[in-house]
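> One structure, pasted below without further comment.
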Amino acid sequence: MPVIQVKNKSVHIQELNKGARETIVLVHGMFSNLSVYYFNIAPVLAQSFHVVMYDMKSHGMSERCEYGYDLLSMTDDLRDLLDALHLKSVHLAGYSYGGLVAMKMAMRYPSRVKKLAVIEAPDPSDNETLSIIDIYSKEFLVDYINNYTDTTRMRMGKRQLDKNHRMYEYLFYETSIKEDMHNERFFFSDDTIGNIAQDTLLIYGKSSNCLPSGRKLYHTVPRSKMTLIEGDHNLPIQQPLETANKLKDFFIGWQVKFKQINHKLWQALRLSYHP
């Protein structure tokens with residue numbers, strides 16, 4: 001598995017279709033890892049884009065860190081990763097708390113973000129929503145440690161299971177992650193959210209407890225559009241292909257699709273014309 005050094009910290013990354021002209025960076029949620037995208041979502045996006053996924057600090061195969069899970073630190077981490085990969089400007093998509101990271105990135109470093117997609121980002125001031133996310137996170141953890149160790153899809157032996165249990169226990173109980181998330185509870189009240197200039201896609205589950213958060217963002221982010229998918233907060237796991245196709249259509253954009261359709265029509269006319 002590719003592990004690179006970013007500011008003297010080990011970061012696990014995965015890349016698909018490195019030769020593509022444009023890049024999408026995918027940011028997973030807290031208590032998750034890049035595998036939420038790797039198996040179903042990223043391959044669809046890689047049909048047209050260079051796709052970069054990474055494990056946040058203390059997640060997956062990245063280096064453990066006791067502190068630094070606030071949005072300023074997390075966006076600094078992402079900026080440093082882009083620098084290390086020599087990526088000046090990318091499309092950005094984030095899921096759950098990763099959606100907040102993606103928005104904060106667009107707010108702090110607007111020149112680094114072309115288009116922005118936010119999947120199931122919660123309002124950090126909503127304690128009920130955060131408790132639901134905590135439950136979903138633990139459900140993801142149980143599924144992950146019972147089935148996969150990483151992006152190899154290999155089942156784990158007892159030693160690896162014990163290792164992953166220890167890693168997530170560390171994350172839950174020995175880091176500042178919950179305190180840092182709590183300290184971001186006023187994020188939706190940040191006036192600069194209304195200054196997000198990128199075209200923004202908001203993807204939420206029709207049955208999600210975070211849906212009111214999505215509606216708040218829709219009325220706050222000027223160039224946003226919202227799409228709903230059957231499911232709850234676990235959309236990337238419940239509806240990976242529909243989520244992937246929504247992202248792909250958004251990042252390709254109607255202008256490119258219009259050109260593609262025109263090209264196909266022109267080719268059809270050429271083939272049907274017999275002088």
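The values are calculated or read from the model by the stated rules, or taken from the named source; none is laboratory data. These figures come from a predicted structure and were not determined experimentally. Every residue, glycine as well, gets a Cβ built from its backbone with ideal geometry; the counts of neighbours run over all protein chains shown. Side chains are part of the model used for accessible areas, which takes the heavy atoms of the whole protein and leaves out ligands, DNA and RNA. Shrake-Rupley method; radii C 1.70, N 1.55, O 1.52, S 1.80 Å.
> Report the trypsin sites (Lys or Arg not before Pro) located in segment 1-45 that are in a DSSP loop and have at most 16 other Cβ atoms inside 10 Å of their Cβ, or state none.
7, 18, 21
> Something else: DSSP loop chymotrypsin sites (Phe, Trp or Tyr not before Pro) in segment 171-209 with at most 10 other Cβ atoms within 10 Å of their Cβ, which ones?
Sparse-neighbourhood loop chymotrypsin sites (Phe, Trp or Tyr not before Pro): 186.
> Now a separate question. Modelled label-to-label distance, residue 219 and residue 86, 7 Å Cα→beta-carbon offset: nm?
4.7
> Further, regarding this structure: Over 30 Å between Cα atoms: which of 7/178; 7/216; 9/216; 7/246; 7/225 fall into that group?
Working: 7/178 24 Å; 7/216 36 Å; 9/216 36 Å; 7/246 34 Å; 7/225 36 Å.
With Cα atoms farther than 30 Å apart: 7/216; 9/216; 7/246; 7/225.
> Moving to a separate point now. What does the accessible area per residue of segment 25-94 come to in Å², with a 1.4 Å probe and no ligands, DNA or RNA counted?
30
> Quick one: length gained pulling residue 245 to residue 7 fully straight, 0.36 nm per residue minus the C-alpha distance?
Using 0.36 nm per residue and subtracting the Cα-Cα distance, I get 82.3 nm.
> Here's something else I'd like to know. Between residue 63 and residue 20, what is the spin-label point distance in nm, taking each point 7 Å from the Cα along the Cα→C-beta axis?
Result for the modelled spin labels: 2.9 nm.
> Could you rank the peptides 84-91, 39-46 by their average count of other C-beta atoms within 10 Å per residue, with the highest value first?
In descending order of packing, they fall as 39-46, 84-91.
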